[in-house]
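Only one structure is covered here, and it is reproduced in the block below.
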Amino acid sequence: MKLGSLKEGGRDGTLVVVSRDLARAVRVPHVAATLQTAIEAWDATAPELKKVYDGLNGAHRDDAFDLNIAEMASPLPRAYQWADGSAYLNHVELVRKARGAEMPPSFLQDPLMYQGGSDAFIGPRDPILVASEDYGIDMEAEVAVITDDVPMGISAEAAGGHIKLVMLVNDVSLRGLIPGELAKGFGFFHGKPATAFSPVAVTPDELGDAWDGGKLHRPLDVYLNGEQVGRANSGVDMQFGFDELIAHAAKTRVLGAGAIVGSGTISNRDRSVGWSCIAEVRMIETIEDGAPKTPFMKFGDQVRIDMRDSDAQSIFGVIDQEVVQHTGSNS
């Protein structure tokens, strides 16, 4: 089934069940007011939500309405946990190679992961607000999963069973700020502003054979100003599946229901499929030509991220965002 959140009813939005074709939706206050509430009681709410979903796809419902994606927040407008991995080692290797460093062998067994800001995500059609183009504005097209309660110390084999929903991500990065932050030895903060997620999150069964329990095997389409720049397959060259990423995140803590775990920038070794973030193509240019040529995003630039099924239908809905200058606030 497909679930989303309307921008209404407070900070956590209003939960809606969305039709398979993303055209219609139904509010479900009798089941759960918000997606966070639903995921916290998933064993009880999922069967009821599935009944609504089956009815929405199979027959006319008087309580259904035409869905306007612009009115949707990210599926979880805020979350208690947002942990983003870097599971595509081709991306990691290029980053290090561009600055003349080798990738440590430990990276093959021990995932990279950072904890992002999760108190205020932005919607799939919301602008990317940045104060200055000098910050080095970049998109990062990814896949993420939402879990129920995950025990501390769980194995990767068991962690896969805690994946309840899958969605797309635009993990915006400010590349001009990140090096200075990393040099302090304390990780990202300003370099990772608000993240956007796809209009809907879907249950793994909705993905059919494309989902193998830990990886999603579909191309991810990335467009910049109307030009397709990437179509990397999210199931290819992924060193760590989501089951392994969840186990890594839960090594020393529990993950509360509604925790989001991301894949990191999708990156294939086959360069003919393009790229999912500007930093990667700049790294390749640096390695091959000695210096980057492709600029980071400017105000007015538009990024689109989408994943389609075998019938060319959008699975999660499109993330479609414009970069807009933030002029600040005195309040």
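The values are calculated or read from the model by the stated rules, or taken from the named source; none is laboratory data. Because the structure is predicted, anything quoted here is derived from the model rather than measured. All Cβ positions, glycine included, derive from the backbone under ideal geometry; neighbour counts span all protein chains shown. Please note that ligands, DNA and RNA were not included when accessible areas were found on the heavy atoms of the full protein model with its side chains. Shrake-Rupley method; radii C 1.70, N 1.55, O 1.52, S 1.80 Å.
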Among residues of the stretch 164-180 being surrounded by fewer than 22 Cβ atoms within 10 Å (Cβ to Cβ) and among the hydrophobic types (A, V, I, L, M, F, W, C), the residue modelled with the lowest pLDDT is ILE178
inquiry  = Being surrounded by fewer than 17 Cβ atoms within 10 Å (Cβ to Cβ), at pLDDT 95 or above, touching a helix residue (DSSP H, G or I) at 6+ places or on another chain (Cβ under 9 Å) and not in a strand (DSSP E or B) is the requirement here; does ALA158 meet it?
reply    = yes
Picked from the stretch 285-297 (must be surrounded by 12 or more Cβ atoms within 10 Å (Cβ to Cβ) and assigned to a loop (DSSP other than H, G, I, E, B)), the residue nearest to the chain's Cα centre (by Cα) is PHE296
Those residues of the stretch 187-220 which are in contact with a Ser or Thr (Cβ under 7 Å, 6 or more places away or on another chain) and not in a loop (DSSP other than H, G, I, E, B) amount to ALA196, PHE197, LEU216
Is it the case, given these coordinates, that ASP126 is within 15 Å of PHE242 (Cα to Cα) and either at pLDDT below 95 or not in a helix (DSSP H, G or I) (or both)? no
Kindly evaluate HIS91 against the criterion of being under 30 Å from GLY290 (Cα atoms) and not β-branched (Val, Ile, Thr).
yes
Scanning the stretch 221-249 for residues that are surrounded by 23 or more Cβ atoms within 10 Å (Cβ to Cβ) and not in a helix (DSSP H, G or I) gives VAL222, GLY230, ALA232, SER234, MET238, PHE240
When the stretch 71-105 is checked residue by residue, the ones that are of a type outside the set (Asp, Glu) and open to solvent by 60 Å² or more (accessible area, probe 1.4 Å) are ARG78, TYR80, LYS97, ARG99, GLY100, PRO105
Contact list, first residue from the stretch 147-166 and over 17 Å from THR37 (Cα atoms), second anywhere and open to solvent by 50 Å² or more (accessible area, probe 1.4 Å), beta-carbon distance below 7 Å, six or more apart or interchain, is PRO151/VAL254; MET152/THR252; MET152/ARG253; MET152/VAL254; GLY153/LYS251; ALA156/GLU244
Pairing a residue in the stretch 302-323 that is over 29 Å from VAL130 (Cα atoms) and assigned to a strand (DSSP E or B) with any residue that is open to solvent by less than 30 Å² (accessible area, probe 1.4 Å) and not charged (D, E, K, R), where Cβ atoms lie under 9 Å and the two sit 6 or more apart in sequence or on different chains, gives ARG308/PRO219; ARG308/SER314; ARG308/ILE315
Review point. Do we find that ILE319 is under 29 Å from ARG218 (Cα atoms) and surrounded by 17 or more Cβ atoms within 10 Å (Cβ to Cβ) in this structure?
Key: yes
Condition set over 27 Å from ILE146 (Cα atoms) and not in a loop (DSSP other than H, G, I, E, B), scope the stretch 255-273, selection most open to solvent (accessible area, probe 1.4 Å): answer is ARG271
Those residues of the stretch 274-284 which are under 20 Å from ASP134 (Cβ atoms) and open to solvent by 30 Å² or more (accessible area, probe 1.4 Å) amount to ARG282
For the stretch 61-75 the number of residues that are closer than 19 Å to HIS30 by Cα and either β-branched (Val, Ile, Thr) or without any contact (Cβ under 8 Å) to a residue 12 or more places away in the chain (or both) is 1
Of the residues in the stretch 20-37, those that are crowded, with 19+ Cβ neighbours inside 10 Å and in contact (Cβ under 8 Å) with a residue 24 or more places away in the chain number 7
If you go through VAL222, VAL254, VAL261, the only one that is more than 24 Å from ASN90 (Cβ to Cβ), in contact (Cβ under 8 Å) with a residue 60 or more places away in the chain, touching a strand residue (DSSP E or B) at 6+ places or on another chain (Cβ under 8 Å) and not polar (S, T, N, Q) is VAL254
Checked ALA183, ALA196 against criteria (farther than 21 Å from HIS217 by Cβ and surrounded by 24 or more Cβ atoms within 10 Å (Cβ to Cβ)); the one match is ALA196
